[in-house]
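I have placed the structure first, in the form of structure tokens, so that the comments after it can refer back to it.
The values are calculated or read from the model by the stated rules, or taken from the named source; none is laboratory data. Keep in mind that what you see is a predicted model, and the values were worked out from it rather than measured. Cβ atoms come from the backbone with ideal geometry, glycine included; neighbour counts cover every protein chain shown.
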Amino acid sequence: MSSLNHIMFGAGGFSLTSGEDVLGFLVGLALAPLVAALVLGLFYLVYYVFSLPMRRREQTRLFLDLIERGLQHGQSIEQTILGVARSGDSSLGERFRVLARRMEQGIGFAQAIQLPPEFLPAETVAMLKAGAEAGDVAKVLPACREASRDGVEEVWKAQHYLALLAFVVTPAWAVVFTVLMVLVVPRLRLIAYDMDAVWPFWLTFLAEHRFWLIAIQVLLVLGFWFLALLYIGGPRWWAWFARSFPRSVAGLAWRLPWRRKRMQRDFSATLAVLLDAGMPEARAVTLAAEAADNEPFTRRARTTLADLERGVKLAEALGQFDDVGEFRWRVTNAARSGHGFRAALAGWHEALAAQAFQQEQTAAQLLTTGLVLFNGLLVALLAGGLFQMLTNLIDAGTLW
């Protein structure tokens, strides 16, 4: 046919019967690639954001491997870093090149890694600094690697359904609940009042407390998003918050049992390396406490130093870092065995890491379960109240 008023496509009988239909069809064909690109871009953005911590931790492990390989070949850490930077390899990122430029300016390794922007996690920086002061960075590298494995657990949690609750279920339910309680339920109440229908108790309860319930929902969503930003921001954002709110951040970290376990592990691992290297006990405790990167932990280290000055044995002075006394017992045995502190404490370090992971996952499960139960309770109250209200409206309508 010569007209656009009747265009047939295929044997299935699909037809465009007007010029407007043809134009709409062509616009749809033109927009389909754009929509597909936007969807793919959104998926890539989600992947990129949630994989940032993994890439940072992978860069940390690669950096530690480079240092170790350089030391094995008789190169200093500065020579290794400058050599990698001059090779043009971009796998370690821009902050690594900033670190290399500082060393070109004559800043030493131990000082350069502490300056912002933060290239490494704070606990890794403290361990490397302690190893540099002890004169053998290679001995602290295993402890640094153990700390870097925590990043794998963080990414696993990010892919857990806690992320689904935080970014999909909870925000969506908060919006739906707000719309229902602010726009829908008040109008239904007016209808029930006009029809002399009994208004359900549960809807009365939800209506009277709707602002508090909405506020709780919003605070939960904002809290999740804030933690997600810290998770994505990495060491740089954590360091900024730690400098801006030192007591709050340090106190929160100390009160989280899994963080406290990891701080104990980092402190003990660094202390074992320094003691095996022959460093004086007081200086070893000071540097090891810096590896924990926590003010409450540092206060306990100062108390330990005061005990050492009074002549208390190291194992007894370290007792306040462990409530159950296992750390003190292991340090005592390590001093008697003659095989070194690092070998004697290795099992305890593995146990602390396992306990921290278990406690963290338990907390995540409890949090997600609590969110599901809280949202489920609100859904049940709202659904039950609406069903009862509709029943009352029907009963009232039959009496008219």
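Side notes on the structure shown:
- Segment 332-344 - residue that is small (Gly, Ala, Ser) and in a helix (DSSP H, G or I) and, of those, farthest from Cys144 (Cα to Cα): Ser337
- Check on Leu390, assigned by TED's automatic domain parsing to the domain that holds Ala192, touching a Phe, Trp or Tyr at 6+ places or on another chain (Cβ under 6 Å), modelled with pLDDT of 80 or more and over 30 Å from Arg259 (Cα atoms): no
- Answer from Gly370, Gly319, Gly347 - the residue that is more than 28 Å from the chain's Cα centre (by Cα) and part of a helix (DSSP H, G or I): Gly319
- The single condition among (1) modelled with pLDDT under 80; (2) within 23 Å of Arg299 (Cα to Cα); (3) surrounded by 14 or more Cβ atoms within 10 Å (Cβ to Cβ) that Asp323 does not meet is (3).
- Only residues that are basic (Lys, Arg) and buried (at least 19 other Cβ atoms within 10 Å of the Cβ) were counted in segment 329-375, giving 2.
- Selection status of Asp307, closer than 27 Å to Leu141 by Cβ and among the acidic types (Asp, Glu): no
- Of all residues in segment 288-301, those satisfying the criterion of being of a type outside the set (Gly, Ala, Ser) and either exposed (fewer than 13 other Cβ atoms within 10 Å of the Cβ) or touching a residue at least 12 places away in the same chain (Cβ under 8 Å) (or both) are Glu290, Asp293, Asn294, Glu295, Pro296, Phe297, Arg300.
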